[in-house]
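Please treat every number below as a calculation from the coordinates, not as lab data. Being a predicted model, the structure only gives us computed values, none of them experimental. Quick reminder, even Gly has a Cβ in these numbers, built from the backbone with ideal geometry, and neighbours come from all protein chains shown.
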Amino acid sequence: MADQDQASNWQPEGDDSAERLLSLTLTLLSNPYGFTKEELFKSVRGYRMMIESGAKVDALNKKFERDKTALKEMGVQVVTFTRNSDMEDNQQSRYFIPADTFVWPKGTNLTPNQLRLLELAAKVWARASFSTEASRAVMRLKALGMPSDGLDLAGFAPRILTNEPGILQLEEAARDGLEVTFEYRTPDHQVTTRVVQPWQVRHVSGQWLLMCWDVGRNDIRNFMLKRIVSRISETGNKFNTATSAQLEEATRRLNEFTDGNVAVLKVEPKTEAWVHYELEHHTGPDGEVTLNFMDLHLLAEQIREFGPTVTVVSPPELAEVIRRGLEKVVNLHA
Amino acid sequence: MPKLRNVLSGDDQFNFLITLIGLIMREGEMHIDDVAARMGMTKQAVRKAMSTLVVAGRVDETGFERLPFNFDWDLFDETERLAFLNYDIITDAPRISTRQASAIAAGLSYLRTLPEFAVEEEIDELITLLSSSQPTSSPPTIAYEFGTIGADVSLLRKAIMAGIQVRCNYTNQRGESTDRILEPLRIDPRGSVWYLRAWCPTSEASKSFRLNRMRSVELLSEARSAAAEVALLAIEDEDRLYVPGEHDTDVVVEVDPEAYELVAEYANVETSTSTNRGTIRVTIKVGHLPNLGHLISKYGGAARVIEPAAARDIVRIYALGSLGESIPSEAPGDEE
């Protein structure tokens, strides 16, 4: 992690991948007509040194593919193309990095306060791979300005938690337009195999959701990450990554769905739930609270925590889900 | 990323190198101490990075090595200032990747849930800037939707910063509402539920209190006690809500993916994964066994206590009580 208290020393690892990646980047940026792989192998220092020490073409090819992936992961766009002018039988892929994709447009600046906010934003990621990415971003952004030291998070330990193992892979699929498949367990324990085109990983009401196009259902669907019960694998199909309009539509439908889900609960006075639902100053019918919910089963989880002090007035399905869950707990702990 | 202290991975080194080039190009020339301060690295690290930079390059068709960086060694020797002569490949700071931009944007949305940052207009500007992290911009791939939390957060934070005690009204899990003195240590926001970690002088322990059950917070003039200061140090590197204590009981639980969040907040002793649809068995340290009643019942079967038997009994009795089928002789419930 490129953070002062984490790592402030430069101790190259066994390999010199940083230098090779830099040489490759500089070379690819230096010529808009690009280079063929062979040209790169001859001219980029790291590859040339491999050749000199007797490396096979296969090994070079593998290394080059890995380096391309590594650059892409770090936001460096290596473009592949073939030149029309090349002879039909001599069409070779050429590679280059468009300069405008590499650096910020001229005049991009950050104020000290903005930079400080970005630093703090990077710190809220806990125990998740996004924290590495966020820290790297902050390092790069430091070139754009000097952070102020006004704001700080002292007293808070904010944490975005990701307990779901698939989150990185789904984010990557959304970014690169990779269709994926996984097994999804609905709350009534039906396991189905879904094929989806991920649009966005979104944290709503304390849960990570995958907003996506469900290929099998031919419609927009939201999946709760914690209900994915298999590995996530790519189908090999690609799709165009989500547009803002698509995401807005998915969000609108989710909100509409939540607005349409209404529960009425009766809460015993002077209980934990009574305080939780802020009923002290409530003026409605005695001890009744009306609320919207995104997911019936999540609401059931919340209510089970309150034990017998909360009774469901409506909908009946909610009462049924709570009861079935509790019966299951009793049986599992008999 | 593995937390190797003081060692940067190859990717991190590369990240540092391209930033270093961009920074020097933007500034024209810069003193090595300023570069180190700006990047949060040691002077020695900057120097070593420079020595990597100046040999990076390519070999042209005629076999000549072309080193794009014509580093101004004279200037450096005389003044310790860094500058390039005749360099034009990377002319500005490097952009950031889509994933990096999304991660930061989600972090910013999250920050806005903290009252201190709720009115930061610059957060929106930044999110817009981040969405242009690449010229072919696409919507963020990660999003964090912010919610609302209970009141009094600012007041509690004030107490933490000033190192003083508070009086507040707190309703525990049994519905008992009491006025108590707490010595606030840290606020732990967790999605829709926020917690106050505080030293409780009555029970002489550091505990987590839910903010949404706390009312009428009032600052006192008394400073935090010595015991509270010790507790504050103890939680410095621990971001889980439940810190193991000496008298904790080892409890073996089995959780399905739907209930992973339950064990994430406990210090795990041991985890073993079964292949059966992501179910894992974890040994956790539990301070107050009756807590398990509502914590486990909540998940309606997705979390199960395997042993000890006493803990299984607690869960069963709690669930039965919730069903209204039998009233346990002693209502299980936690302090907090």
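Some notes on this structure:
- Simple spin-label estimate for A:K238 and B:D88 gives 3.4 nm between the two label positions (7 Å along the Cα-to-Cβ direction from each Cα).
- Anisotropy class of the range A:111-158 from Cα gyration tensor, a/c 1.5 cut: oblate
- Mean Cα-pair separation over length for chain A, i.e. relative contact order, pairs under 8 Å, 6 or more apart, %: 9
- Förster radius 60 Å - calculated FRET efficiency between A:A99 and B:V230 (Cβ-Cβ, nearest 0.05): 0.60
- Computing FRET efficiency as 1/(1 + (r/R0)^6) for B:S216 and B:H31, where r is the C-beta to C-beta distance and R0 is 41 Å, gives about 0.15.
- Between the range A:227-298 and the range B:162-182, the C-alpha centres lie 30 angstrom from each other.
- Links that overshoot a 24 Å alpha carbon limit, given the list A:K42/A:K68; A:K142/B:K43; A:K63/A:K142: A:K63/A:K142
- Within the same chain, lysines fewer than 8 places from B:K285 are excluded, and of the rest, those with a Cα less than 26 Å from its Cα are A:K226, A:K328, B:K3, B:K207, B:K298.
- Computed extension length for A:N113-A:T186: 21.8 nm, one decimal, from 0.36 nm per residue of separation with the Cα-Cα distance subtracted.
- Couplings 3J(HN,Hα) for the range B:99-106, derived from phi with the Karplus relation 6.51 cos²θ - 1.76 cosθ + 1.60 (θ = phi - 60°), are 5, 4, 5, 5, 4, 5, 4, 5 Hz, where x marks Gly and Pro.
- The range A:17-102: C-alpha gyration tensor shape, a/c 1.5 cut-off, then a/b vs b/c: oblate
- A simple spin-label model places the labels of A:E320 and A:R66 5.6 nm from each other, with each point 7 Å out along Cα-to-Cβ.
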